[in-house]
Amino acid sequence: PKVKGKRLSRRPPVRPPMQYFSPEFWEELARRLNGDADWKKKAATLTSKIVLTVTDKGMCNMIQIAAGAVACHAAKPGDPADFKFEAPWDIWGKIAAGTTDFNTAVITGKMKFRGSLPKIMGIQPAMNRLTQTAKEIPATF
């Protein structure tokens with residue numbers, strides 16, 4: 001198509017990256033996981049609630065998994081969950097950037113973990129896929 005002699009691009013508009021930990025970020029994570037064959041294979045029998053809290057920004061979200069289906073929504077740190085991870089913003093940024101991971105952050109005391117250690121270790125393949133998918137989302141920190 002043309003407008004006043006200029007050809008219009010057929011490319012879709014470029015959206016700016018979303019903010020890390022924003023509602024859009026969590027919606028995108030759920031969308032990607034629910035459409036991911038690898039996730040479905042690893043998490044087919046998984047039912048769990050995971051609360052992630054940014055301690056110095058008042059941000060808290062829940063990842064709710066029911067038989068592998070994922071839903072994400074805003075939460076409160078005290079909401080009941082199987083697993084809880086709490087850390088300041090800079091630690092979440094290092095996890096997003098791949099300069100540290102959940103295990104290292106917990107072991108070094110930079111992130112608090114609440115829940116059953118044997119259970120979280122038992123679902124490690126699914127958690128690794130979830131984390132990898134989150135890292136692939138273009139987001140600003």
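Assorted remarks:
- Cα gyration tensor shape of segment 101-141, rounded if a/c is under 1.5, else prolate or oblate by comparing a/b with b/c: oblate
- Listed options for Rg and Dmax of the Cα atoms in Å are [x] 13.9, 42; [y] 14.9, 49; [z] 17.6, 66. The value calculated from this structure is the one marked [z].
- Stretching the chain fully between Met121 and Thr108 yields a gain of 3.0 nm (0.36 nm per residue, less the alpha carbon separation).
Since every read-out is calculated from the coordinates, none of them should be taken as a lab result. Computed from a predicted structure; not experimentally measured.
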